[in-house]
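Derivation of every value follows stated rules applied to the coordinates shown; laboratory data play no part. The shown structure was predicted, so the numbers you read here are calculated from the model rather than taken from an experiment. Cβ atoms come from the backbone with ideal geometry, glycine included; neighbour counts cover every protein chain shown.
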Amino acid sequence: MLLITDNRNKDGPDSLEQTLLDDMTSVSLPVLTVSNAERLRKDRAYRGACAERLAEILVDLDRYMGIPRLYIP
C-alpha cells in the first residue's frame, strides 16, 4: 500500500517526516507527496503530469524501495 499525501510537515516528534526518518528501512515503500495539492485539483495539465509520474513510479516501484519520500511531479 502506498501513501499519497500533500503533507510535508516536519514539525515535532510525531510529524510524518520524523516518522519516516525513524521507521524507514531498505524494504519500505516511499511516501508519495503531491507538491501542490491545490493545483492538482484545479489544473488538468498538472493532474496529467502527476498521473504520469505516479505511473512511472508504479511501473518501477522496486527501484524506490527504502527511499523515504518521492515528490509528484
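Below are the figures for this structure:
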read-out: Inter-site label distance for Asn36 and Asp23 at 7 Å from Cα along Cβ, in nm; value: 3.1
read-out: Theoretical ellipticity at 222 nm over the chain - DSSP helices of four or more residues, -39500 (n - 2.57) apiece, nearest 500; value: -12000 deg cm²/dmol
read-out: Long-range amide H partners of Tyr71 with built H, under 5 Å; value: Thr33
read-out: Positive-pole candidate from Ser15, Tyr64, Thr33, dipole of the chain, charges at beta carbon; value: Thr33
read-out: In sequence order, calculated HN-Hα J values of the stretch 64-70 (Karplus, 6.51, -1.76, 1.60; Hz; x Gly/Pro); value: 9, 4, x, 8, x, 8, 10
read-out: Pair-distance profile P(r), taking every C-alpha pair of the chain, with 10 angstrom steps and integer %; value: 20, 48, 28, 5
read-out: Distant-in-sequence amide H partners of Leu3 (H built 1.01 Å from N, under 5 Å); value: Leu32
read-out: Rounded to the nearest 20 debye, dipole of the stretch 3-72 from Cβ charges on Lys, Arg, Asp, Glu; value: 420
read-out: Residue-wise HN-Hα coupling along the stretch 33-49, computed from phi with Karplus coefficients 6.51, -1.76, 1.60 (Hz; x: Gly, Pro); value: 10, 6, 5, 9, 5, 5, 5, 4, 6, 9, 10, 4, 5, 5, 4, x, 5
